[in-house]
Each structure stands twice: as C-alpha cells, then as structure tokens.
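Notes follow the structure.
A short reminder: the numbers here are calculations on the coordinates, not readings from a lab. Predicted model only: the values in this text are computed from it and were never measured. Every residue, glycine among them, receives a Cβ derived from its backbone with ideal geometry; neighbour counts consider all protein chains shown.
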Amino acid sequence: MFGVVYCPDFYIQCERLFRPELIERGLLITSSGEIGDDPIIASSKETRDLGLKPGMAGDQLMLRFSQITSDHAVNVCRPNYELYADLSSRLIKSLELLAPKVSAYASNEAVLALEGLNLSKYKLSEHKVSESELVQLNGLEPSSPYHQYAIHLKDTLKQWLGISVFIGIAATKTLAKLACDAAQTHSKHDGVIDLSMASERSLILKRIAVADIAGISKKVANRLSQINIHTALDLSQAPKNQVRRHSSMITERIAIELSGLPCKTPEQSLIEASVFTTGKQIDANSFKQIKRVLGAQVVSAIEQLNSLSNNCKTVTIALTISPLDKRVPAFENSLTSELTKPTDSIAAIRKLAIELLDSVWRDGYQYQSLKLNLTDLSANDGDQIGLFPTITKYAAVASNKETPKSISLETRLSINGANLSRQKRSLLSRSFTTRWGDIARVS
Amino acid sequence: MNMMALRHDFGESDEALDLNELCIQHPTATYFVRASGDSMIDAGIHCDDVLVVDRSIIARDGDIVVANLDHSFTVKKLELSPQLRLLPMNNQDLDYTPTNITDDSAFEVFGVVTYVVHAVR
C-alpha cells in the first residue's frame, strides 16, 4: 500500500503560518515582491478567484490587476525559500516519524510506502454510516483502517506544523497520486481518499477523465478515446496490449498500476518521472547539482538498456531554459554525440553525457529541465570487444521481440521557475524558523 | 589512565549536554517566537524573551499558549472553563484585562509555550 501526501498552496501556507494577518486575505508571491514584469510564482485561493493565476506576468497581469476593485486586498511578497525549505524539511521529518518509508518527490509532496505499518491503532470505525451520509459520500464508506490512518496523518501534520495536506492511499503509487489529486478536487472527502478497497477504487476512477491522469498527455488521451477509453476506470480495465498499441509503454504501465498492480523497475522510475512531474526541488543554477541529476539519469537509462539487452551508440543532452527567465526567450540547448562504439558501459556513457552537459551549460540561466536521450540502440550481442563473452545477455535478446528506438529521460529542474540564487533579501518575509533576528513577535 | 579509557569506562557518550535536548521534545513541531511587552511578567515572561512553542501538545486549561487572535499573535494563559478566555498575568498593571473568546472571534491556539529563554544581563 502507498500513500501520497501533497501540500496545496505550500508557499502561501508557509507565509501565513507566521503572519496571521494574511489568513483569508489575498496573497501573491512574485520574485520582485511587486506586481509587474515578474510572473506570479504562487497565488492564494482568494487571488486565484480574482483571476490572478500563477505564471501570469507583464501586461496581462497588470490589466487583470487594474480591474480588481479596492475592496479586495491583495498582498504581494517575495518568495522566502529559506522559510519554505525549513517547513518542507519539517514535513518530511514528521512523515518519517509517522510512516514506515518516506520519499520526498518535491518540497511539498511525498510518497509513503506503508508496508509494515501497524494498523491495529486504526481499527474500523464504530460509527455506522447512515443511508443519507452514504449518498453524500457517493457511496464511499470512510471505514478502512488505512483511511483512519490517513486522517490521523492529516490531523497530526496540521497540529504539528500548522500545514494542511491532501492524502491519497492506494495499492500503487499511480493510484495513490490519483486519489490525492481527487481528494483536492472533491472537497467533501475532507482531504483524504483511500482506494485500498476495490469497490471504492472503481467509484473514484469512473469520475476521472483519462486526460486528467498525471503522466497522460492530451494527445495520448485523444488516441485512447478512439478505442473507447474515456475514464481512468476504462483505462484500468482495458486490455493492456491494446493500450500499448494505441499509446506507449508508459501508458500501459500506468494502466497496470491503475488496476492495482504495482509495476516493477526499471519502468517504475520512468512512470514516477512522468506521474510526479514537479520533480525534486533542485537549485536549477548549480552546475554541480545538475551534474548529479544527469548522473542519476544515466544510471536509470543504463538499467533500461540492460533490461533490453541493448547497447547504444548515440547520446543526446537537452537543457531547457525556463520560459520564466525573462532575459532570453525559452529555448532548448541540445547537443548530440556518438560513442566510439555501441556500448552499455555506464562509465563510457556517463563520461560522454557529462562532456555534453559541459558544452551546453551556460552560467546564470534559470534552467527548467534536463533531458537525456540514448539512441541508435542495437542488440548487445557480443559484437563488442571484451574479455568476457556476454552469453546470458544474448539469450535474453532472443526472447525480446520489441526493441524501442530510444531511451529518453527528463527531469524538471525548477518549480515555477523558482530559483534561489537570484534572491535579494529585501522585501522578503522574515525567516521565522531559521534566523534568530527574524522570529515572530508575540505580545 | 588516558582520556580514551576514561570515556570507555564512563560509557560511549562523549557528547556535551545539549540545551535542545532539554527544551525541545518534538523538534519538527517546535517553533520559537519572541515576547513583546510585559503582560505575562508574572509567568516569568519578560519583553524580548524567546519562547519555545511546542505545537504537538494539546493545550489544556491553565497552559500558557501562543494564540492567533483576530489575525495577530498573542501570548496569554489559556482558560477553558467556565469560559474560553485568554488571561494576562501581570498584577501590577491593571490595564491588562482578560479577553473573552466568542464565536465571532477568529481564534486558534498556535502552540503551547514549554520554555522561556531569558537573558539575565
């Protein structure tokens, strides 16, 4: 069983925690702390309702802002990443005390592996649900011990940190993510959706359109609708080979996960990369950090290469500059190079990939994503010169009918173009949790 | 007897005493704030003292709490019965009066004050 914990409006919640005067008031976070050329990094519910959406900038933002009447107070501040980082680390540390295994996916999102969780504390609730309540809950009984656990988790995080979260629980990570998204959309679930029981699963999946599933693009959703797959439930029940024929391996894996069967590696990392698109928060300006990301991508790509018993000849690196970096138009800087011979050697591929990164890298830009592509795949059938014959791998090739043309991995490097190093300290909210001079005053 | 042997004989721990260990039971749920004014002087809370606030503790009657009252922070003694009230603790200054919490108040306990850090010079 897995859980996905997500903090909505994380930056906004952090700002309000120590500034109660901002509670229930409109709040925008922009990198300059002013309304103007900078895009909105975060917008509270109150300001979103006024049409001020994250990403808005320049004339569009000024126009919208000028139409807002003065009885709607809109506060603007600079992002205080020091504060957000501390609360993010408190969130993860708290989860580590409350769940068996925690992986942080973003500053405000974590996946819990719940195997080994002691559920005896979270017995089935005594309260019998009445007919009318059942209708309200769309037939869902809030009764499984996992549900009770998730509610306990949510309440504890609110108590300890002062931060509200949504939680989804299910047999696979993809399902848990979907449940968490649904908990956000359907307010009547009190922020928790538990899909550990099959009956509840189909009820929720029926209400989710394929296009709304994280990791499935509009294009793929259109193709799926041609074979009568419209909802997440359709996708989970469709014959898997049909799904694969009409879309991709990743969609097939997502379909398998939706039916409640966890996928095993190496595709798992790919699914996670596509389902959890926000990625870990990385200082997108630091070459060292991005090199580390690339290193991880190489390892993951080699895993896939090995599972296919393939070699690759060509390596491509693409580094995209954030569209929010106003100094340059968004573009992708990519470079391709060939290895001296087809190989699956991690050392050789890593060396070339890092050389490429070195060449495309320019200091001072705000990068959005890093893509690694391995192409010119060929069967690893022993044509390479080596000391040891690769007999076992050769045997595996014979049974492998389909060979993909390439292996591609992409990692997001920044969230909303957020970037630490360009921050000036003026106009910031105070670092309430990390600087003695900044702690909140109480009278 | 050398230092290593001493350490060995008196247990593995060669860590010095840590104030965090004494004052902070729940690190992920503990925040610090600084007191202003002297409304809580009888509770030993002086202006500019640092308060250790533990959010993981459920506030009980008589606890000193940091509360969020009508969109600002205050530190007071919490009284749950007979009526929900926030009490100042300063017998010298009668200008400080209890605040009754009604349904109209925007009120939330931020956390329970567990320690006061006061500089004496």
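Observations, loosely collected:
- Ascending count of other beta-carbon atoms within 10 Å, so fewest first, for A:Ser259, A:Ser334: A:Ser334, A:Ser259
- Peptide ranges A:205-218, A:69-82, A:161-174 listed from the most packed, as the mean C-beta count within 10 angstrom indicates: A:161-174, A:205-218, A:69-82
- Where only alpha carbons of region A:156-244 are counted, the Rg and the Dmax (Å): 14.6, 48
- Euclidean distance of C-alpha centroids, region B:40-64 and region A:217-247, integer Å: 58
- Going from the fewest other Cβ atoms within 10 Å to the most, the residues A:Glu21, A:Glu252 appear in the order A:Glu21, A:Glu252.
- Within 10 Å of the Cβ of each residue in B:25-34, the mean number of Cβ atoms contributed by other protein chains is 6.
- Per residue of B:61-71, other chain Cβ atoms within 10 Å of the residue Cβ number 2 on average.
- Region A:10-80 shape via C-alpha gyration tensor axes, a/c threshold 1.5: oblate
- Nonlocal amide H pairs with A:Leu195, under 5 Å, H built at 1.01 Å: A:Ile169, A:Ala170
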